[in-house]
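Asks: Take this structure first; my questions come after.
Readers should treat all values here as calculations from the given coordinates under stated rules, not as data from a laboratory. Quantities reported herein were computed from a predicted structural model and do not represent experimental measurements. Quick reminder, even Gly has a Cβ in these numbers, built from the backbone with ideal geometry, and neighbours come from all protein chains shown.
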Amino acid sequence: MRAIISVSDKSGVVDFARGLSELGIEIFSTGGTKKSLQAAGLAVHSVSQLTGFPEILNGRVKTLHPAVHGGILARRDLPQHLSELSQNQIEPLDMVVVNLYPFVETVSRADVSVDEALENIDIGGPTMIRSAAKNYPSVLVVVDPRDYDTVLEHIRKGTVDPGYRKGLAQNAFQHVALYDTAIAQYLNEEVFPEDMTIALKKERSLRYGENPHQQAAFYTERSVRQKQEGLGSLEQLGGPEISFNNLLDLDAALNLLCDFAEPAVAIMKHNNSCGLACHDDLAEAYRRALTGDPVAAFGGVVGSNRDMDVATAREIDKTHYDAIVAPGYETEALSLLARKESLRLIKAAPYCQPLPSESRLELRHIRGGFLAQSPDILTEGDLQPRTVTQRQPTDSELSDLLFAWRAVKALKSNAIVIAKDRTLLGMGTGQPSRVTSVELALKRAADRTKDSVLASDAFFPFTDGPELAIKHGVTAIIQPGGSVRDKEVIALADKQGIAMVFTGIRHFRH
């Protein structure tokens, strides 16, 4: 057997090559890989010995040669192929061990130049990988160092199972596809290109999906256009395995908390916030958040945009939750919470800096394809609320209105939030009728609606919603505006002496 080894990631390659040599496999190599193997005392031939041609163009051309690809691509079951090899003095190659230049790592650096990026686009490596994978019944192709030991085990047994060969080939084509995707992302300057691929890496298997009969896994996106954020870099500090539904609620919590610069605590249930509050004291923020719906909070997920302190941990410890997510944990707080074996403790910091729309797209699968959109991210400067009523909101009302506006953005439409003192008192969500959402929000807020404010994720098509809220003590409303009945809604607000603010921005979440 003869093998070509040329790897950028050299982890484990010396031991692997030593194992191949002990099995009598002749090794050819290039550049840095060849030097590493020779430094370890291994007998290695240069690829130039195969080709009879030197490396040229600063190493850009060294394996792109018939002596290499003929030896890889020749079908061993076709006499004509073997005859042509013999006529051209080419010997078969039985194994290709290649992984590619560190393109993603290179272009992720802030100071990388275009010339440097282009030099890190591998040409010979992907070509050899594709050739070997195409001819996998005869050629072993290895792109992942994690496969080295298993490959050696198979060779030592004297035969390599066709199914295992096929699996290595699939890994090889996927390896190249991820690589090509990263290059295309780097070169792309369009928000919505005509053709687009996304690169996903399996992070972990999950016990099941939303329901036990559904299989599931968690994949992270590999993109040169955005940093690894949120749950892509989570660290589990305690508790049982994270579930599919946990991840959905944890993600909803992080997305919501991103909109608050001040200390905030969110309690999530079924992807909606049943509790949310801001306060300089994190424990007080949690206590206020819990008042949103103490019954629904049971078994939910708690999220904080500040490190979890002992005082807050003691309060959380009084209620059963599935998971907690925070940027960090004080040592004593972590020890206290870890006593509950059923509580998942997640360390993850949301990457909350506003991102340019071209750096990330939100994708949603529908039957027959995907919908793509830029994320619903707005800075403080983007939001320019305009009072449309005779009465201006007071300073405290305006503070609560802006709080409620951030809160309603994270709820499923039709969405309504009732809030006071930067605390969510009640919410109505996911209803076909907006007035029904108002009714649900008021019902959850109960007797606390006096002098509260209301936020609506979209305009009020009729006066019934605002009229109901005003009857229950709401004194200020924030909404996008834009209805053909805006004048009627404003006239109602003026008649009742409440303040109304238009944002000009809608926050639908279907």
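Asks: Given the convex hull over the Cα atoms of segment 10-73, what projected area results after averaging over all orientations, in nm²? Don't skip to the answer; put the middle values down first.
Replies: Details: hull surface 19.2 nm².
With the hull built on Cα positions only, its mean projection is 4.8 nm².
Asks: Residue farthest toward the positive end of the dipole of segment 2-187, with Cβ of Lys/Arg at +1 and Asp/Glu at -1: which of SER11, HIS65, THR181?
Replies: Going by the Cα projections, it comes out as HIS65.
Asks: Return the percentage of antiparallel bridges among DSSP beta bridges fully within the chain, rounded to the nearest 5 %. Please report the intermediate quantities before stating the final value.
Replies: Details: 38 of 68 bridges.
Expressed as a percentage, antiparallel bridges in the chain total about 55.
Asks: Would you compute, for the Cα atoms of segment 1-153, the largest minus smallest coordinate along each principal axis and list the three values in descending order, in whole Å?
Replies: 53, 30, 26
Asks: Would you grab the residues whose amide H sits under 5 Å from the one on ARG222? Only those 5+ places off in sequence or on another chain, please, with H modelled 1.01 Å from N.
Replies: Under 5 Å from the amide H of ARG222: ALA199, LEU200, LYS201.
Asks: Also: Hey, could you grab the Kirkwood Rh for segment 201-347? Inverse mean 1/r over distinct alpha carbon pairs, Å, one decimal. Each step should come with its number before you reach the end.
Replies: On the way: mean 1/r = 0.0648 Å⁻¹.
In segment 201-347 this quantity evaluates to 15.4 Å.
Asks: Could you derive backbone 3J(HN,Hα) for segment 469-474 from the dihedral phi with the Karplus parameters 6.51, -1.76 and 1.60 (θ = phi - 60°), listing whole Hz in sequence and x where the residue is Gly or Pro?
Replies: Per residue, the Karplus-derived 3J(HN,Hα) values read 5, 4, 4, 9, x, 5 Hz.
Asks: Here's another thing I want to ask about it. With an 8 Å Cα cut-off and a minimum separation of 6 or more residues, compute the relative contact order for segment 1-135 in percent. Walk me through the intermediate numbers first.
Replies: Working: 178 pairs, mean separation 37.8, N = 135.
RCO, segment 1-135: 28 percent.
Asks: No solvent, one uniform scatterer per C-alpha: report log10 I(q)/I(0) for segment 386-502 via the Debye equation at q = 0.14, 0.23 1/Å, two decimals.
Replies: -0.44, -1.36
Asks: If the cut-off is a Cα-Cα distance under 30 Å, which lysines reach LYS471, setting aside same-chain residues fewer than 8 apart in sequence?
Replies: LYS269, LYS409, LYS412, LYS420, LYS443, LYS450, LYS487, LYS495
Asks: If r is the Cβ-Cβ distance from ASP15 to GLN215 and R0 is 22 Å, what FRET efficiency results, to the nearest 0.05?
Replies: Numbers: r = 35 Å, r/R0 = 1.61.
The formula returns an efficiency of 0.05 here.
Asks: At a Förster distance of 51 Å, what's the computed FRET efficiency of LYS471 paired with GLN174, Cβ-Cβ distance as r, to 0.05? Mind dumping the intermediate values first?
Replies: Numbers: r = 60 Å, r/R0 = 1.18.
Calculated transfer efficiency: 0.25.
Asks: Taking only pairs that are 8 or more places apart or on different chains, how many Lys pairs in segment 2-187 have Cα atoms under 22 angstrom apart?
Replies: Values: LYS10/LYS34; LYS10/LYS35; LYS10/LYS62; LYS34/LYS62; LYS35/LYS62; LYS62/LYS134; LYS134/LYS166; LYS157/LYS166.
Qualifying lysine pairs in segment 2-187: 8.
Asks: Relative to the longest principal axis of the C-alpha atoms of the chain, give the angle of the C-alpha long axis of helix 434-445, reported between 0 and 90° and rounded to the nearest 10°.
Replies: 80
Asks: Amide H of VAL142 versus every other amide H placed in the peptide plane: which residues, excluding those fewer than 5 positions away on the same chain, fall under 5 Å?
Replies: Counting only residues 5 or more places away or on other chains, the set is VAL96, VAL97, VAL98.
Asks: In percent, how large is the relative contact order of segment 436-494, given Cα pairs closer than 8 Å and 6 or more residues apart?
Replies: Values: 67 pairs, mean separation 23.0, N = 59.
About 39 percent, as a whole number.
Asks: Okay, moving on. Measure out, as a whole number of angstrom, how far apart the alpha-carbon centroids of segment 400-457 and segment 1-76 sit.
Replies: Here the two parts' Cα centres lie 66 Å apart.
Asks: May I have the convex hull volume per residue, in Å³, for the Cα set of the chain? Display every interim value, and only then the final one.
Replies: Details: hull volume 99.1 nm³, N = 510.
Given the Cα convex hull of the chain, per-residue volume reads 194 Å³.
Asks: So what's the angle, to the nearest 10 degrees on a 0 to 90 scale, between helix 486-496 and the longest Cα principal axis of the chain?
Replies: The angle comes out at about 40 degrees.
Asks: Set the Förster radius R0 to 22 Å, insert the Cβ-Cβ distance between ALA338 and PHE298 as r into 1/(1 + (r/R0)^6), and round the FRET efficiency to 0.05.
Replies: Details: r = 20 Å, r/R0 = 0.91.
So the FRET efficiency works out to roughly 0.65.
Asks: In addition: Please state the charge dipole magnitude for segment 92-217, taken about the Cα centre, from unit charges on C-beta atoms (+1 on K and R, -1 on D and E), reported in debye and rounded to the nearest 20. Don't skip to the answer; put the middle values down first.
Replies: Details: 12 positive and 19 negative charges, 185 e Å.
Taking the Cα centre of segment 92-217 as origin, the dipole is about 880 debye.
Asks: Given the Cα-Cα distance of ALA184 and ASP111 and 0.36 nm per residue of separation, how much length would full extension add, in nm?
Replies: Details: separation 73, 0.36 × 73 = 26.28 nm, distance 1.93 nm.
Gain in length upon complete extension: 24.3 nm.
Asks: Hey, another quick one. Can you tally the net charge around ASP259? Count Lys and Arg as +1, Asp and Glu as -1, for every other residue whose Cβ sits under 9 Å from the Cβ of ASP259. Mind showing how you got there, number by number?
Replies: Details: positive: ARG406, LYS409; negative: none.
Here the count lands on +2.
Asks: Using the count of nearby Cβ atoms within 10 Å as a rough guide to exposure, how do SER413, SER437 rank from fewest to most? Mind dumping the intermediate values first?
Replies: On the way: SER413 20, SER437 26.
Final ranking by Cβ density, sparse to dense: SER413, SER437.
Asks: Further question on the same structure: Express the relative contact order of segment 396-503 as a whole percentage, based on alpha carbon pairs under 8 Å and six or more residues apart in sequence.
Replies: Details: 236 pairs, mean separation 24.5, N = 108.
For segment 396-503, the relative contact order is 23 percent.
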